[in-house]
1. Condition first: under 24 Å from Asp164 (Cβ atoms) and among the polar types (S, T, N, Q). Can you find one or more residues in region 35-51 that meet it?
2. Among the candidates Val190, Val194, single out the residue that is touching a strand residue (DSSP E or B) at 6+ places or on another chain (Cβ under 8 Å) and in contact (Cβ under 8 Å) with a residue 24 or more places away in the chain.
3. If you check Val187 against the conditions, is it among the β-branched types (Val, Ile, Thr), closer than 19 Å to Leu87 by Cβ, surrounded by fewer than 16 Cβ atoms within 10 Å (Cβ to Cβ) and in the same structural domain as Val60 (by TED's automatic domain parsing)?
4. Scan Asp54, Asp45 and give me the residue that is at pLDDT below 80 and in contact with a strand residue (DSSP E or B) (Cβ under 9 Å, 6 or more places away or on another chain).
5. Based on this model, can you work out whether Thr105 counts as out of contact with any Gly (no Cβ under 8 Å at 6 or more places or on another chain), at pLDDT below 75 and closer than 24 Å to Asn183 by Cβ?
6. Restricting attention to region 73-87, which residues are out of contact with any helix residue (DSSP H, G or I) (no Cβ under 6 Å at 6 or more places or on another chain) and at pLDDT 80 or above?
7. Tally the residues that are under 26 Å from Leu185 (Cβ atoms) and out of contact with any Pro (no Cβ under 9 Å at 6 or more places or on another chain), restricting the search to region 111-147.
8. Among the residues of region 136-153, which ones are in a helix (DSSP H, G or I) and over 16 Å from Tyr69 (Cβ atoms)?
Amino acid sequence: MTNTSVSSTARLLGAGLRALLVLTLVCGVLYPLAVTGIGQALFNDKANGSEITDDRGKVVGSSLIGQTYNLPKKDADDAEEAARPDLKWFQPRPSNGLGSNSVNTQYSLVLSGATNRSGDNEELIQWVKDAKVAVVEDNSTGDHEVKPADVPADAVTSSGSGLDPHISPEYAEIQVHRVAEKNGLDVKQVEDLVADHTTGRTLGFIGEPRVNVLELNTALRNLSQS
């Protein structure tokens with residue numbers, strides 16, 4: 001009886017070990033290699049994080065994640081100092097309310113998410129009012145005045161994720177004169193740049209037309225340095 005019990009246990013352990021080795025080989029080696037190979041062969045850009053490179057071949061970010069374009073702080077150690085936008089670049093949507101990120105200092109968020117404030121929240125309303133005033137002031141130039149009625153919603157509100165890499169063509173358009181002036185470019189050159197980087201609705205009916213800010217600013221940098 002004892003020998004039979006030991007023999008049965010040994011067979012079970014042997015079967016379990018063989019199953020472990022087979023599943024480790026299939027699920028831990030072969031399957032990941034197959035998925036990685038297919039991803040690299042058919043979806044190389046997406047599999048590698050949808051990276052964006054400049055004309056020097058340097059990776060500047062991902063087309064899926066928004067970045068801010070701010071001037072350096074006057075005092076790098078002052079956590080309370082407000083960020084000031086670098087107005088030679090197209091500006092993304094606001095990214096309020098989720099704290100600071102000490103790892104990726106190009107974006108002010110540590111977590112993806114919304115501000116979770118209701119539409120009648122006084123702080124949110126003040127944010128929107130202040131943002132609207134700033135958009136009008138920042139984008140009005142000597143020969144072009146931005147009217148408050150021209151400011152689109154995405155210029156003064158953050159996205160649900162807080163990481164939206166896109167802005168509306170309308171928001172990009174009201175920034176054209178300011179960007180052209182700051183970079184010493186012709187307005188028509190910048191307008192063409194925006195048009196070239198405007199993506200229409202997916203399949204013609206899904207979503208809204210949009211402009212990827214990182215892609216647009218990368219093209220702007222290349223144009224300015226050419």
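1. Initial filter on region 35-51 (under 24 Å from Asp164 (Cβ atoms)): 43, 45-51.
Now narrow it down to the ones that are among the polar types (S, T, N, Q): 48, 50.
Checked region 35-51: at least one residue is under 24 Å from Asp164 (Cβ atoms) and among the polar types (S, T, N, Q).
2. Details: Val190 fails: touching a strand residue (DSSP E or B) at 6+ places or on another chain (Cβ under 8 Å).
Within the list Val190, Val194, the selection yields Val194.
3. Against the criterion (among the β-branched types (Val, Ile, Thr), closer than 19 Å to Leu87 by Cβ, surrounded by fewer than 16 Cβ atoms within 10 Å (Cβ to Cβ) and in the same structural domain as Val60 (by TED's automatic domain parsing)), Val187 qualifies.
4. Values: Asp45 fails: at pLDDT below 80.
Of Asp54, Asp45, the one residue that is at pLDDT below 80 and in contact with a strand residue (DSSP E or B) (Cβ under 9 Å, 6 or more places away or on another chain) is Asp54.
5. Working: out of contact with any Gly (no Cβ under 8 Å at 6 or more places or on another chain): yes; at pLDDT below 75: yes; closer than 24 Å to Asn183 by Cβ: yes.
When the stated conditions are applied, Thr105 passes them.
6. Initially, region 73-87 is screened for residues out of contact with any helix residue (DSSP H, G or I) (no Cβ under 6 Å at 6 or more places or on another chain), giving 73-86.
Answer for region 73-87, where residues must be out of contact with any helix residue (DSSP H, G or I) (no Cβ under 6 Å at 6 or more places or on another chain) and at pLDDT 80 or above: Arg84, Pro85, Asp86.
7. Final tally of qualifying residues: 10.
8. Here is the first cut: in region 136-153, the residues in a helix (DSSP H, G or I) are 136-139, 148-150, 153.
Matches in region 136-153: Val136, Glu137, Pro148, Ala149, Asp150, Ala153.
The values are calculated or read from the model by the stated rules, or taken from the named source; none is laboratory data. These numbers were taken from a predicted model, which means no experiment stands behind them. As a convention, Cβ positions derive from the backbone with ideal geometry for all residues, glycine included, and neighbour counts pool all protein chains shown.
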